[in-house]
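Reviewing the structure listed below.
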Amino acid sequence: MSGSIDNKYLKNEKYLILIVDDNAENIKIIASYLKRDDADIVISTEGAKALTIAEEKRPDLIILDIMMPGMDGYEVCAKLKASESTKDIPVIFITGKTEREEISKAYSTGAADVILKPIIINELRTKVNNLLRYGKDRNEYVSLKTGIKNLEEELGEFLSIAAHDLKNPIYSISMLAKVIRDEHDLTKEDITEFSGDIVTISERMLALIKNLLDINAIEQGKIKINMEEFPLIELLNHITETYISSAEEKQIKLIREYNGLEISVYADRSGVLQILDNLVSNAIKYSPFNKNVWIKASTVGDKVLIEVKDQGPGLTEDDKKKLFGKFARLSAQPTGNEQSNGLGLSIVKKYAEAMNGNVWCESQPGEGASFIVELNAPPVNV
């Protein structure tokens, strides 16, 4: 038919139109007028049933007869507009009533438009087109507005990091450097200690900047994922050795539960290294002193499972909901004054998904947390 418009939300999804009338013949006529390739039609001959359909299917437009037994069109429309899930669905009233009061009542209950009987085909089609276009434009606007809001929130978080997580370390480095420059009675040991502090703080800043750049690069598709088969145990041993000294500072024991195993994985070596680095670092960071951290690996069918388990405070249900979000701030805090910017787990998730894998957490408050990464085993050559 003429007058069709772009498909719903710029995708290949059809519009859904709900026609409500107690007269089946009227429904048949209206449906024939509105037959179009980009729309499906559902019908109801009862007001109460129409409300149920609207809640379940969320049509893009409702064409509603006013005079129906039981629940009339006015009541149906009022209930639609009172519900959070259906209030934005546009309603066109169909009526044979021409009294000014009746038309006014239709609009006051929330109708977007009113069409008088006998129905003029072109009028009906034009008003339906306009309202469907309005719905599409409105949803695109809401989507754009939501995207802008999310960008604003991320920018705010970034500025917060720049103002706090970077400003304070830079200030510390500046003060330490001035002490080394201006204090002439410093011993060699003093200079070595202050220089070591500068190195530690600088490395912390570089790690933060690297995380920011990494997550931005992943989101923009600028990191190339090179899938290959390689031994997983080598990376596990490398990460364990890397963090032994950090663990020992908190009297934390790193327990390997993969010794003697030969496990290969089909993934991106650099991506797996990033995942392990973040998970082991977090486990140490959030574990109390004198606890254990387990690093495990196993195979289940064609999957490789890597688990990092700690004896930290565990996670609340609220924490779990935002766990892998960018800049996530959780109720649990590092136990040795370590820094956390809420980016590590987001990077873990993005890398895992980029390698066609998955990551999740199993935790109860007060009982530690287990982070499990699922990756693919090497394909079997037939």
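The values are calculated or read from the model by the stated rules, or taken from the named source; none is laboratory data. Note that the structure is a prediction, hence the values are computed from the model and not measured. Methodologically, a virtual Cβ is constructed for each residue, glycine included, from the backbone with ideal geometry; neighbour enumeration extends over all protein chains shown. The area values use the complete protein model at the heavy-atom level, side chains included, leaving out ligands, DNA and RNA. Shrake-Rupley method; radii C 1.70, N 1.55, O 1.52, S 1.80 Å.
Scanning region 143-157 for any residue that is more than 30 Å from residue 29 (Cβ to Cβ), surrounded by fewer than 12 Cβ atoms within 10 Å (Cβ to Cβ) and modelled with pLDDT of 85 or more turns up nothing.
All conditions in (1) within 25 Å of residue 350 (Cβ to Cβ); (2) within 31 Å of the chain's Cα centre (by Cα); (3) without any contact (Cβ under 8 Å) to a residue 60 or more places away in the chain hold for residue 278, with the sole exception of (3). Which residues, taken from region 48-75, are surrounded by 17 or more Cβ atoms within 10 Å (Cβ to Cβ), in a helix (DSSP H, G or I), out of contact with any strand residue (DSSP E or B) (no Cβ under 7 Å at 6 or more places or on another chain) and not aromatic (Phe, Trp, Tyr)? Listed by number, the list holds a single entry, 51. The residue pairs whose first member lies in region 300-321 and is at pLDDT below 90, whose second member is among the basic types (Lys, Arg) and in a loop (DSSP other than H, G, I, E, B), and whose beta carbons are closer than 8 Å, counting only pairs six or more residues apart or on different chains, are 312/291. Restricting attention to region 1-26, the residues that are β-branched (Val, Ile, Thr) and either modelled with pLDDT under 90 or in a loop (DSSP other than H, G, I, E, B) (or both) add up to 1. Residues in region 211-241 that are exposed (fewer than 14 other Cβ atoms within 10 Å of the Cβ) and either more than 21 Å from residue 356 (Cα to Cα) or of a type in the set (Ser, Thr, Tyr) (or both): 213, 234, 238, 241. Each residue in region 220-262 was checked for being in a loop (DSSP other than H, G, I, E, B) and within 32 Å of the chain's Cα centre (by Cα), and 7 of them qualify. Among the numbered criteria (1) buried (at least 18 other Cβ atoms within 10 Å of the Cβ); (2) in a helix (DSSP H, G or I); (3) out of contact with any Gly (no Cβ under 6 Å at 6 or more places or on another chain), which one does residue 278 miss? So the condition that residue 278 fails would be (3). If you check residue 200 against the conditions, is it modelled with pLDDT of 85 or more and assigned to a helix (DSSP H, G or I)? Against the criterion (modelled with pLDDT of 85 or more and assigned to a helix (DSSP H, G or I)), residue 200 does not qualify.
Please find, within region 108-134, the residue that is nearest to residue 15 (Cα to Cα) out of those that are touching a strand residue (DSSP E or B) at 6+ places or on another chain (Cβ under 7 Å) and part of a helix (DSSP H, G or I). Per the stated criteria, the residue is 132. Checked against (1) open to solvent by 50 Å² or more (accessible area, probe 1.4 Å); (2) touching a residue at least 12 places away in the same chain (Cβ under 8 Å); (3) among the charged types (D, E, K, R), residue 101 passes all but condition (2).
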